[in-house]
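Each reported figure results from applying straightforward, stated rules to the coordinates on display, with no laboratory input. What you see is a predicted model; the values in this text were computed from it and never measured. We place every Cβ from the backbone using ideal geometry, glycine too, and count neighbours over all the protein chains shown.
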Amino acid sequence: MEKIDLNLENKFKTWEEVFENPRPALVESFQTGSVILNKRGALNPDHPLALDVESENLEVPILAHWVHHEIFGDFLLDAGLDASYFQDPKGGIDSIHADEFIQYKNQNIGFYIKDRKISLKGVFLSHLHSDHIAGVRELPHNIPYVVGKGELDKYHPDICGDFLKDVKTLYEIDFSKINEMAPLGPSADLLGDGSLWAIWTPGHTPGHISYLLNGLDGPVFFTMDAAFIYENLKQGVASSDYTWNVKMAQKTLEKIITFLKIYPQLRVGAGHELLNQKKNKKTGYLRFLLNNIY
Ligand SMILES: [Zn+2]
């Protein structure tokens, strides 16, 4: 695999400017499987606002988001799971460290890509945990894959599964070279027209990325794993389980909440929760609408 730094120009200075220029892009979210999280840990039980959070197992969706841009084509935000998990909770990874997931028939990312006749131009990953990248195994490998710098150093393909092994070129965003967009910090204009943004939200992992789609339906902010569930945003408490740096994750979550409060027109999607499922009239498939929470 070849690694290349992705150089991006940002002609926008503020989010106001961005939101005044919505672009012709739409998003639909796919559930590619499920994972069991404990609520104590999905919310850091040591945080003063979450001291009484109960131990409760939650079965939550594993998601991938399809962005369709009328000019630039189709992209994925995360890859979710491939079909290996339908028969085997470990997705064929022979290791005691392999994560276990649940998957029903035709939930795999390859099914959605074929069914929707999506011709992928690139895949933007939030981070390198298996529930976000295992699906890469059944996606085209000769298209650009993008990840935040710092992710590869913490990735252990030998024990967690080498999901990226056939990817030809991995582009890394070095956020130390990307312009800050208050109040979020370094934010990269991925397609150059202000439609799709990669925002550095470290804590869950070192190079973790949240995404923002500035489409004609209004802007949508995808926290990815900076907030597992809406409760993280509502309570103002980040996760502690599966989290590389709990303090940093909390600081990042607080920045996101500030951002969401400044721009109440934003809709927000949490990393592992779906609200308001609605059937798409044309395709018959579920379309997941995202809620304002403030
Ligand atoms: Zn994760």
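Subtracting the Cα-Cα distance of Ile159 and Ile71 from their residue separation scaled by 0.36 nm leaves 27.7 nm. Taking other residues whose beta carbon is less than 9 angstrom from the beta carbon of His208, and scoring Lys, Arg as +1 and Asp, Glu as -1, yields -2.
Computed on the Cα atoms alone, the convex hull of the stretch 155-214 gives a volume of 117 cubic angstrom per residue. The stretch between Ile102 and Asp241 holds 48.2 nm of extra length on full extension. This uses 0.36 nm per residue minus the Cα-Cα distance.
Note on the stretch 101-127 and the stretch 136-159: Cα centroid distance 15 Å, given to the nearest whole angstrom. Among Asp189, Asp217, Asp131, the largest mean-square fluctuation in a Gaussian network model of the chain, built with springs joining Cα atoms closer than 10 Å, belongs to Asp217.
Could you calculate the contour length gain from Glu254 to Ser176, that is, 0.36 nm times the residue separation minus the distance between their Cα atoms, to one decimal place in nm? Walk me through the numbers on the way to the answer.
Values: separation 78, 0.36 × 78 = 28.08 nm, distance 2.04 nm.
Working it through step by step, the gained length comes to 26.0 nm.
Over the residues of the stretch 38-196, compute the C-alpha Rg and express it relative to 2.2 N^0.38 Å.
Rounded to two decimals, the normalised Rg is 1.15.
Label reach from Asp94 (point 7 Å along Cα→C-beta): in the stretch 131-161, amide nitrogens under 14 Å belong to 159, 161.
Dipole of the chain, Cα-centred, from +1 at each Lys and Arg C-beta and -1 at each Asp and Glu C-beta, to the nearest 20 debye? With only Lys, Arg, Asp and Glu charged at Cβ, the dipole is about 800 debye. Temperature 10 °C, viscosity 1.306 mPa s: under these conditions the Stokes-Einstein estimate for the stretch 156-283, based on its Kirkwood radius over C-alpha pairs, is 99 µm² per second.
Comparing Val18, Phe228, Gly41 along the charge dipole axis of the chain, the residue lying farthest to the positive side is Val18, per the Cβ-charge model. At each listed q (0.10, 0.15 Å⁻¹), what is the log10 of I(q)/I(0) that the Debye formula gives for the chain modelled as equal alpha-carbon point scatterers? Listed by q, the Debye log ratios stand at -0.49, -1.21.
Expressed per residue, the C-alpha convex hull volume of the stretch 44-132 stands at 148 Å³. Rounded to the nearest 20, the size of the Cβ-charge dipole of the stretch 188-269 about its Cα centre is 280 debye, with Lys and Arg at +1 and Asp and Glu at -1. Legend: calculated FRET efficiency, Glu9 to His47, from the Cβ-Cβ distance at R0 = 41 Å, rounded to 0.05, equals 0.60. Going by Cα centres, the stretch 217-245 and the stretch 1-37 are how many Å apart? Cα centroid to Cα centroid, the span is 16 Å. Beta-bridge orientation, the chain: approximately 65 percent antiparallel, per DSSP, counting only bridges with both partners inside.
A crude spin-label estimate for the pair Thr169 and Asp217, with each label 7 Å from Cα along the Cβ direction, gives 3.1 nm.
Annotation note: trypsin sites (Lys or Arg not before Pro) in the stretch 135-233 located in DSSP loop regions with a Cβ neighbour count of at most 16 within 10 Å are Lys165, Lys168.
Paramagnetic label reach from Leu120 (point 7 Å along Cα→Cβ; backbone nitrogen cut-off under 16 Å): within the stretch 69-97, residues 69, 73-85.
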